Structure formats: C-alpha cells, structure tokens
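**Student:** Questions regarding the structure given below will be posed in turn.
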Amino acid sequence: MRTPGSAGSGTGEWLWQRLSAVYLAGFGLLELVYLLFHPVHDYASWRQLFHQPVLRVLWLLGFVALLTHAWIGLRSVYLDYLHRFWLRFSATMASAIFLFACGVWLVLVLFQGVA
C-alpha cells in the first residue's frame, strides 16, 4: 500500500499529462490540415463548421485535454515553487476557478442552441 507523497505517486499525473499532450498535438495537426484545405472566411462558415456534432465533441475533448494539461502543469509548478501555504492555496484556487470557468464557457459556446 502506497502512502500519499511516496515515490511513484506522480505516475498517474505524468500519464495524464502525456496523454493530453498527444491528443492536443494530433488534434491540432488535424485541425491545421483541415483548415488549410477548407479555409473558413466568415462567421456563417464557422457556424456551419461547428454545426457538425462530431466536430463539437472533438473540440470538447481537445479543450478537456487542454484544461487537464494546464491543471497538472500549474499544480506541479505551485507545489514545487510556492512554499508558503497561503500563496500555494491561493494560486491553486484561482487557477481552479479560472479553468472551471473556461470549461463552462466552452460548453456554452459549443452547445448553445442545441435542442
């Protein structure tokens, strides 16, 4: 049985960080290639593009991967470099609130008007 803070406890975070990075790289490349061959010039074209449910889900997964990647990275930096508890706690809470708000905003943007 492993105790909190023991060696190896960061393996899960490391794996999530790498998986999210792989998804972001693949998704970013896929979107770049798609947009190079199918340029979108106006708002109506963007709305038509995001009207496809599969694309909405892929973007949602991409944003979840980005939020996960950011959360794990920020948390690691805070734990390593912010030694005062109140400063580490404040930075962690501010980041958590900001990332949660970004996630809610994305869901509202992607799925507004979907009945």
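What follows draws every value from the coordinates through simple rules; no lab data is involved. Predicted, not measured: the structure shown is a model, and the values here were computed from it. So basically every Cβ, Gly included, is an ideal-geometry build from the backbone, and we count neighbours across all protein chains shown.
**Student:** Select one label from (1) 10.1; (2) 8.5; (3) 7.9: the one whose number is mean projected area of the Cα convex hull in nm² as derived from the coordinates shown.
**Tutor:** Read-out from the structure maps to (1).
**Student:** To the nearest 500 deg cm²/dmol, what mean residue ellipticity at 222 nm is calculated for the chain from DSSP H runs of n ≥ 4 alone, each contributing -39,500 (n - 2.57), summed and divided by the residues?
**Tutor:** That comes out to -27500 deg cm²/dmol.
**Student:** Could you give the length gained on full extension between S45 and C102, defined as 0.36 nm per residue of separation minus the Cα-Cα distance, in nm?
**Tutor:** Difference between extended and current length: 18.1 nm.
**Student:** Could you work out how far the C-alpha centroid of segment 9-65 sits from that of segment 83-114, in angstrom?
**Tutor:** Centre-to-centre (Cα) distance: 19 Å.
**Student:** What does the highest-first list of 93-104, 29-40 look like by mean Cβ count within 10 Å?
**Tutor:** 93-104, 29-40
**Student:** Related question: Pick out, from T68, H51, L110, the residue whose Cα sits farthest towards the positive end of the charge dipole of segment 6-115, with +1 on the Cβ of Lys and Arg and -1 on the Cβ of Asp and Glu.
**Tutor:** Checking the options against the dipole of segment 6-115, the answer is T68.
**Student:** Quick one: longest stretch of the chain between exposed loop trypsin sites (Lys or Arg not before Pro), exposed meaning at most 10 other C-beta atoms within 10 Å and loop per DSSP?
**Tutor:** Answer - 3-83.
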